[in-house]
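FYI, it's all coordinate maths here, none of it is from the lab. Quick caveat: nothing in here was measured; it's all calculated off a predicted structure.
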Amino acid sequence: MVSLLAALIIVASLVPSGEISGALGLDKLEHFTAYFTLTLLCAGIVARATIPWVIVWVILLGLALEVAQALFTETRTADWADALANTTGVLTAWWLVRGRVGWAMSAEAWLAGRRRH
């Protein structure tokens, strides 16, 4: 699931953009939500010692995609406000789960124990 979401974010960031009409700031909310969700899912499947690397990796992914938009696409441009929204999503997710890293593994173990009874 995490790999699929990361791939979706990469593809969505690099495919040609169409004319997008919508409320002002909706784009930033989409960036925030994508990176928040990716970080939340990653934090659910890693050990506590690994989470700093996950945070760095997801932030670097967001920054790299903004640079890639500027360098490798003709219909996209790098936007530091997008990079800020990405990073804010990552840090918000980390802040919310910082004490519950590995939450998905714990939930899976709990469910496996419930099935045995």
Exercise. Against the globular-protein guess of 2.2 N^0.38 Å, express the Cα radius of gyration of segment 50-117 as a ratio, rounded to two decimals.
Key: 1.59
Quiz prompt | Distance histogram in 10 Å bins (all Cα pairs of the chain, percent per bin) | solution = 14, 40, 28, 13, 5, 1
Self-check item: Degrees separating the helix 51-72 axis from the principal Cα axis of the chain, which is the longest one
Solution: 20 degrees
